[in-house]
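The values are calculated or read from the model by the stated rules, or taken from the named source; none is laboratory data. A quick note: this is a predicted structure, and the numbers were derived from the prediction, not measured. Here the Cβ positions follow ideal geometry from the backbone for every residue, glycine too, while neighbour counts run over all protein chains shown.
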Amino acid sequence: MSGDDHNLRKVGGAGEGIAADWLADQGVKIIERNWFWRGGEIDLIAQEGERLLFVEVKYRRSQRMGSPAGAVTRTKQQGIIRTAKAWLKHNGGFNRSIRFDVVTVEGSGAAVSCQWYKSAFRPEA
């Protein structure tokens, strides 16, 4: 892993931690973090009431690289959906209500803000 890759993972992990804590403050129970399957990853798997949430977290210190929500491309969404199906298969969750959300984390230090996009995308029928 190159130094740049390591730094990106470190920053991404920090953003995921901020998002997980923020969601917990909103009453969401975090079930798993960074669930990997065949090249795919889900940042956070959580529960809100009876609904299971598959959450993609995008962190940006500034808008210089564009909107964090805009970084969740259709290709990224499809990978998350495939990985979520694998998680459901491994955990017997096919009868559960699910949702795909995005949480963006922007800023640094005391100036961090989170935004929660519920039902940010849906699996195709």
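Scanning segment 19-39 for residues that are surrounded by 11 or more Cβ atoms within 10 Å (Cβ to Cβ) and among the acidic types (Asp, Glu) yields a count of 2.
Residues of segment 79-125 that are part of a helix (DSSP H, G or I) and closer than 24 Å to residue 14 by Cα: 79, 80, 81, 83, 84, 87, 109, 110, 111.
Do we have residue 74 as within 17 Å of residue 115 (Cβ to Cβ), among the basic types (Lys, Arg) and out of contact with any Phe, Trp or Tyr (no Cβ under 7 Å at 6 or more places or on another chain) here? Explain how you work it out, then say what you get.
Working: within 17 Å of residue 115 (Cβ to Cβ): no; among the basic types (Lys, Arg): yes; out of contact with any Phe, Trp or Tyr (no Cβ under 7 Å at 6 or more places or on another chain): yes.
Spelling it out, it is not the case that residue 74 is within 17 Å of residue 115 (Cβ to Cβ), among the basic types (Lys, Arg) and out of contact with any Phe, Trp or Tyr (no Cβ under 7 Å at 6 or more places or on another chain).
Scanning segment 91-116 for residues that are farther than 18 Å from residue 49 by Cβ and in contact with a strand residue (DSSP E or B) (Cβ under 8 Å, 6 or more places away or on another chain) yields 102, 104, 105, 106, 107, 112, 113, 114, 115. Taking strands (runs of 3 or more DSSP E) as the structural unit, those lying wholly within segment 19-75 and holding at least 3 residues that are in contact with an Asp or Glu (Cβ under 6 Å, 6 or more places away or on another chain) and of a type outside the set (Ser, Thr, Tyr) correspond to 51-60.
Restricting segment 70-118 to residues that are loosely packed, with under 14 Cβ neighbours inside 10 Å and of a type in the set (Lys, Arg) leaves a set whose member that is modelled with the highest pLDDT is 118.
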